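Undergrad: Have a look at this one before I ask anything.
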Amino acid sequence: MDANDFVRFVGIPAAVALGGVAVSTLAWRAMRDRIDEGSARFMDDLARGTFAFVFFLLAFTVAEGRENMSRARAVVVEEASVLRQIARQVGPEARASLDAYARSVVEDEWRTLGLRPPTASAESDDAFAAVIDACVARRSPAIDEDLARLEHLRAQRLQLAHAGSPPAYWAVISILMVAGCVLYGVVVATPARRRALALYLAGFGLVIALVLELEHPFAGLVRVTPEALQGVLDARFVPTTR
């Protein structure tokens, strides 16, 4: 676990809580003498509704993030299966190229997929080109299909690494949360209400941090590992005597 990942997972809830309490306190100071009791209760109800809608949006996004993680794991497992399938159809030289490609993905491309923004690895590009060249001597419709599938799966990995929510989504979430804090702040801002709001908003911050983790499946505290591809390497495409 990277220290930056842990700091981000803890820092986002803290920032959301502190920012929300500050907005609520400023709203109370600006409006405390202008709102009657009936209007204050009405705005308090509006605040609850606004936060409930934000919670619904975040819950939906968490579900999408979990699905994205599942798709990423499935792609990696299928990629390992296709590598084994190609290895059964080619000779030692091509198997050596497959071994080098799998190693470059595990040791280099997994790191670049975890960057923000994620990128493909130039080393893996070269290794994949070497696989195609090495398979030329044993080309067949089945091998061509498997190579095309392998290339498609690699492209899927990169696409899934980029599968984050657009900035407009986070802008809407931010605006709604600020609006909720302003509406909440028109009622008397007692220390107890501030603490309750801070705890409530910290929960939202935790969900936001979880969403951001799930939307980057190859990095962070929650990540897809190259275990399936590592299993391909452990199986040794190429004999140890090569």
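The values are calculated or read from the model by the stated rules, or taken from the named source; none is laboratory data. Note that the coordinates shown come from a computational prediction; the quantities given were computed from them, not determined experimentally. With ideal geometry, Cβ positions are generated from the backbone for all residues, glycine too; neighbour counts draw on all protein chains shown. Side chains are part of the model used for accessible areas, which takes the heavy atoms of the whole protein and leaves out ligands, DNA and RNA. Shrake-Rupley method; radii C 1.70, N 1.55, O 1.52, S 1.80 Å.
Undergrad: Would you check if residue 140 is over 25 Å from residue 70 (Cα atoms), in contact (Cβ under 8 Å) with a residue 40 or more places away in the chain and of a type in the set (S, T, N, Q)? Can you show your working first?
TA: Working: over 25 Å from residue 70 (Cα atoms): yes; in contact (Cβ under 8 Å) with a residue 40 or more places away in the chain: yes; of a type in the set (S, T, N, Q): yes.
Considered against the rule, which asks whether it is over 25 Å from residue 70 (Cα atoms), in contact (Cβ under 8 Å) with a residue 40 or more places away in the chain and of a type in the set (S, T, N, Q), residue 140 comes out as yes.
Undergrad: Could you check residue 106 against (1) open to solvent by 20 Å² or more (accessible area, probe 1.4 Å); (2) in contact with a Phe, Trp or Tyr (Cβ under 8 Å, 6 or more places away or on another chain) and say which number it fails?
TA: (2)
Undergrad: Can you list the helices (runs of 4 or more DSSP H) lying wholly within region 150-235 that have 1 or more residues being out of contact with any strand residue (DSSP E or B) (no Cβ under 9 Å at 6 or more places or on another chain), of a type in the set (D, E, K, R) and open to solvent by 10 Å² or more (accessible area, probe 1.4 Å)? Can you show your working first?
TA: Values: elements: 167-185, 191-214, 227-235.
Counting at least 1 such residues, we get 191-214, 227-235.
Undergrad: Mind checking which pairs have a first residue in region 12-33 that is of a type in the set (Ser, Thr, Tyr) and a second that is surrounded by fewer than 16 Cβ atoms within 10 Å (Cβ to Cβ), Cβ under 7 Å, 6 or more apart or different chains?
TA: Qualifying pairs under 7 Å: none.
Undergrad: For region 66-76, which positions are touching a residue at least 24 places away in the same chain (Cβ under 8 Å) and open to solvent by less than 90 Å² (accessible area, probe 1.4 Å)? Quick ask: steps written out before the conclusion?
TA: Residues of region 66-76 that are touching a residue at least 24 places away in the same chain (Cβ under 8 Å), as a first pass: 66, 68-69, 71-73, 75-76.
68, 69, 72, 75, 76, listed by residue number.
Undergrad: Follow-up. Could you please let me know if residue 63 is touching a residue at least 60 places away in the same chain (Cβ under 8 Å), open to solvent by less than 70 Å² (accessible area, probe 1.4 Å) and either assigned to a helix (DSSP H, G or I) or over 24 Å from residue 195 (Cβ atoms) (or both)?
TA: Values: touching a residue at least 60 places away in the same chain (Cβ under 8 Å): no; open to solvent by less than 70 Å² (accessible area, probe 1.4 Å): yes; either assigned to a helix (DSSP H, G or I) or over 24 Å from residue 195 (Cβ atoms) (or both): yes.
So residue 63 fails the test.
Undergrad: Condition (residue is crowded, with 17+ Cβ neighbours inside 10 Å, at pLDDT below 95 and over 29 Å from the mean Cα position of the chain (by Cα)) applied to region 78-87: is it met by at least one residue?
TA: Looking through region 78-87, at least one residue is crowded, with 17+ Cβ neighbours inside 10 Å, at pLDDT below 95 and over 29 Å from the mean Cα position of the chain (by Cα).
Undergrad: Could you run through region 12-56 and say how many residues are over 35 Å from the mean Cα position of the chain (by Cα), of a type in the set (Phe, Trp, Tyr) and open to solvent by 90 Å² or more (accessible area, probe 1.4 Å)?
TA: The total comes to 1.
Undergrad: Considering only residues that are touching a Leu at 6+ places or on another chain (Cβ under 8 Å), closer than 27 Å to residue 164 by Cβ and outside any helix (DSSP H, G or I), which ones fall in region 84-120?
TA: 118, 119, 120
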